[in-house]
Amino acid sequence: MSSAARTSDVLTMLASQKSERLTVGDIIAVLRDRAFALLVVLLGLPNCLPMPPPIPLVCGLVLLVIAIQIVAGMSAPWLPRRLLDQSIARETVAKAVKRAVPLLRRLERWSRPRLSVFDGAVGMRGMGVLILALALALIVAPPFFGQIPLGLAVSLIGLGLVERDGFVVLIGLLIGGVGVGISIGFVYTLFASIMGAFAWLSQAIPGLGL
C-alpha cells in the first residue's frame with residue numbers, strides 16, 4: 001500500500017483480509033506509516049453504528065492509549081502485547097468499512113490540505129488532548145446508541161488528520177462536543193439515580209446508615 005493511497009483504499013484492504021478475526025496488531029501492520037491517524041479513524045468507525053458492549057469500551061480504551069502517545073509526541077504507536085492480541089471479528093470491521101467507504105470517498109474528493117493549525121508537533125499534541133477527552137467520553141457513553149456521535153466525531157478527526165484538512169477536524173470536534181455532552185449527562189443521571197436509591201434505602205430502613 002503506497003503512501004499516496006487514500007483512507008478509503010487502506011480501510012478496504014483491511015476489511016478484505018482473509019482471517020476470520022483481526023487482532024489490533026494485524027490492523028497496525030496494515031496501517032503502517034499512517035498508523036496513528038488511521039487508527040483513530042478505525043476506532044471511531046465501529047461506533048458509528050449501534051454496537052453492544054464491550055465494543056465501545058474496548059475502542060475507547062485503545063483510543064485512550066493512542067491519545068496519550070500522541071500527547072507524548074511519539075512518532076509511531078506502541079501498544080502492550082495484551083492489547084495487540086485483542087481481536088475483533090473481520091465481519092464487524094467489514095460491515096463498518098462498507099458503510100463508511102462511500103462517505104469517505106465523497107469526503108476525499110472534497111477534502112484538501114487547509115487550516116494547518118493542526119499540523120506540526122504542537123498542533124498534534126493539542127489534538128491528542130482532544131482525542132483523549134473523546135476516548136474518555138466513549139468509555140462511559142450510554143450503551144448501543146450513545147456512542148454514535150462520538151464514533152462519527154473520532155472518524156472525522158482521524159480522516160482530517162490523514163488528509164491534513166483542518167476543516168474536517170473542526171467538524172469532528174463540533175460533533176464530538178455533542179457526544180461528550182451526552183456522555184456527561186448519562187454519567188450524571190446514573191450517579192444521581194444511585195445516590196437517590198441510597199437515600200431512599202436509608203429512609204426506608206432506619207439504622208441502615210447508608
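The values are calculated or read from the model by the stated rules, or taken from the named source; none is laboratory data. Note that the coordinates shown come from a computational prediction; the quantities given were computed from them, not determined experimentally. Virtual Cβ from ideal backbone geometry, glycine too; neighbours counted across all protein chains shown. Surface areas here come from the heavy atoms of the whole protein model, side chains and all, with no ligands, DNA or RNA. Shrake-Rupley method; radii C 1.70, N 1.55, O 1.52, S 1.80 Å.
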Checklist entry - When you look at ILE27, is it touching a helix residue (DSSP H, G or I) at 6+ places or on another chain (Cβ under 7 Å) and either modelled with pLDDT of 85 or more or surrounded by fewer than 17 Cβ atoms within 10 Å (Cβ to Cβ) (or both), yes or no? => result no
Checklist entry - Would a scan of region 30-38 turn up a residue that is within 19 Å of SER16 (Cβ to Cβ), in contact with a Ser or Thr (Cβ under 9 Å, 6 or more places away or on another chain) and of a type in the set (Val, Ile, Thr)? => result no
Item to check | Scope region 39-70; condition among the aliphatic types (A, V, I, L, M) and either open to solvent by 50 Å² or more (accessible area, probe 1.4 Å) or in contact with a Ser or Thr (Cβ under 7 Å, 6 or more places away or on another chain) (or both); matching residues | outcome: VAL41, LEU45, LEU57, VAL58, LEU61, ILE68
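Conditions tested, residue by residue: (1) free of Cβ contacts under 8 Å to residues at least 60 places away in the same chain; (2) closer than 25 Å to THR23 by Cα; (3) open to solvent by 60 Å² or more (accessible area, probe 1.4 Å).
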{"residue": "ARG81", "(1), (2), (3)": "yes, yes, yes"}
{"residue": "LEU84", "(1), (2), (3)": "no, yes, no"}
{"residue": "ARG90", "(1), (2), (3)": "no, yes, yes"}
{"residue": "ALA94", "(1), (2), (3)": "no, yes, no"}
{"residue": "LEU103", "(1), (2), (3)": "yes, no, yes"}
{"residue": "GLU108", "(1), (2), (3)": "no, no, no"}
{"residue": "ALA121", "(1), (2), (3)": "yes, no, yes"}
{"residue": "LEU130", "(1), (2), (3)": "yes, no, yes"}
Checklist entry - So which pairs qualify, if the first residue must be in region 181-195 and modelled with pLDDT of 85 or more, the second must be open to solvent by 70 Å² or more (accessible area, probe 1.4 Å) and not basic (Lys, Arg), the Cβ gap must be under 9 Å, and the two must be at least 6 apart or on different chains? => result SER183/LEU136
Checklist entry - Within region 93-107, can one find any residue that is at pLDDT 80 or above, farther than 25 Å from VAL180 by Cβ, β-branched (Val, Ile, Thr) and within 20 Å of the chain's Cα centre (by Cα)? => result yes
Checklist entry - From the residues in region 143-160 that are open to solvent by 10 Å² or more (accessible area, probe 1.4 Å) and modelled with pLDDT of 85 or more, which one is nearest to LEU115 (Cα to Cα)? => result LEU156
Checklist entry - Do the conditions hold for ALA76, that is, is it small (Gly, Ala, Ser), buried (at least 18 other Cβ atoms within 10 Å of the Cβ) and within 19 Å of VAL10 (Cα to Cα)? => result no
Checklist outcome for this item: With the first residue restricted to region 149-163 and required to be closer than 17 Å to VAL93 by Cβ, and the second required to be surrounded by 24 or more Cβ atoms within 10 Å (Cβ to Cβ) and of a type in the set (D, E, K, R), Cβ contacts under 7 Å at 6 or more apart or on different chains are none
Checklist outcome for this item: Residues of region 108-118 being of a type in the set (Lys, Arg) and modelled with pLDDT under 80, in sequence order, are ARG112
